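**Student:** My questions all concern the structure below.
Just so it is clear, none of the values below were taken in a lab; they were calculated from the coordinates. None of the values given here were measured: they were computed from a predicted structure. Cβ: placed from backbone, ideal geometry, glycine included. Neighbour counts: every protein chain shown.
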Amino acid sequence: MFKLGYQLLLLAGIMIGCGPDYGIVGHDEFIIEVEVEVPGDPVGKQWVDSFIQPGGVDGVDILWVIDTSGSMIVYQNRLLAGIEAMLNALPSSDWRLAMVANHPPAAAQEDQFPLVPGDDIADAEDMLNGMRGGYFEEGFDSVYEYIINNPYSATWMRHDSALLVVFVSDEEDQSNGYFGQVGEFTAWYSTLRLGPVYLSSVVTQDPSVSVCSSPPLPGNVGDRYMEATNTLNGIIVDICAEDWSAGVTEASNQVDPYEWYELTYEPIEDSIRVFVDHIPNNNWTYQASDNTVYFTIIPDADAWVEIVYRHEETELVGAPPV
């Protein structure tokens with residue numbers, strides 16, 4: 001799940017009755033305005049960690065769409081480690097995971113039984129090695145071919161579950177059969193399920209941010225994959241990163257409701273306030289040892305949760321906000 005963080009615009013400290021220290025009165029994409037009810041000058045900088053609570057779902061179907069071209073051989077160990085990280089991060093029940101090539105003719109014929117709870121990395125490696133391959137670089141079209149034109153997908157995919165597609169490629173998507181435009185793919189993909197849909201991409205990033213040892217060629221940057229993933233607020237991992245596990249684990253967690261939330265900064269503890277849909281909420285505790293807010297009553301699906309606090313840190317404690 002992506003993490004949002006905002007610096008706060010601090011208004012004058014006006015005492016209004018005996019309400020909470022913070023009262024969110026308005027916000028836009030970058031600024032949240034608050035009223036502060038504390039005597040004297042407030043201590044520390046203000047910050048908000050926030051998220052939308054994932055909806056409750058009846059399981060999750062996962063499809064890894066993998067580049068099988070020769071250039072991907074250098075990423076084989078990272079790919080297997082990433083898949084293992086996902087297997088370890090998924091809940092103990094009610095998920096199914098399959099792999100297909102980003103070669104549409106192969107995706108249209110892939111018929112391996114999905115991985116299910118209890119399977120491990122050895123089973124995943126067997127699936128990867130048994131997967132049909134090809135030379136096309138058409139991830140979007142491959143998803144369509146597998147879900148719509150491959151009858152085998154209907155034997156295990158569920159219309160009422162969540163759906164997560166993970167693209168893995170060191171080259172740009174070149175789909176031109178069904179989805180010449182990224183928006184055409186995301187519009188179609190968004191309507192596939194009664195439950196929520198998610199995207200993640202492990203791809204080559206722009207040379208300005210890429211961690212590749214040599215600057216990637218412009219034609220290899222996965223702009224279309226990243227645009228689609230960003231449209232659905234998904235997780236993007238640099239394919240040249242030595243370890244994909246953190247990003248892949250975060251992608252797995254997209255489908256699970258938050259029972260706890262690790263804060264970006266170490267807070268001044270008595271300054272923490274939690275709002276659910278802009279209403280003050282007291283159903284939580286803070287644990288300093290892991291810098292985490294734990295919810296004693298889990299916020300409802302689709303709730304907008306804001307954790308407001310002051311801090312004295314100048315460096316981020318956790319992962320930087322996306």
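**Student:** Tell me, what ³J(HN,Hα) does each residue in region 257-272 have, in order and in whole Hz, if you take phi through Karplus 6.51 cos²θ - 1.76 cosθ + 1.60 with θ = phi - 60° and put x for Gly and Pro?
**Tutor:** Running phi through 6.51 cos²θ - 1.76 cosθ + 1.60 with θ = phi - 60° gives x, 6, 9, 8, 8, 7, 7, 6, 10, 7, x, 6, 4, 6, 8, 5 Hz.
**Student:** Order of 94-100, 76-82, 117-123 by packing, highest average Cβ count within 10 Å first?
**Tutor:** Values: 94-100: 21.9, 76-82: 17.0, 117-123: 12.6.
Descending mean neighbour count gives 94-100, 76-82, 117-123.
**Student:** What's the extension gain from Asp243 to Asp290 if we count 0.36 nm per residue and subtract their Cα-Cα distance?
**Tutor:** 14.7 nm
**Student:** Say R0 is 22 Å: what FRET efficiency, to the nearest 0.05, do Asn129 and Cys212 get from their beta-carbon distance?
**Tutor:** Numbers: r = 26 Å, r/R0 = 1.19.
In this case the efficiency is close to 0.25.
**Student:** Want the number for Asn282 to Ile121: 0.36 nm per residue separation, take away the alpha-carbon distance, what's left? Intermediate results must be reported in sequence, preceding the final value.
**Tutor:** Details: separation 161, 0.36 × 161 = 57.96 nm, distance 4.13 nm.
Stretched out fully, the Asn282 to Ile121 stretch lengthens by 53.8 nm.
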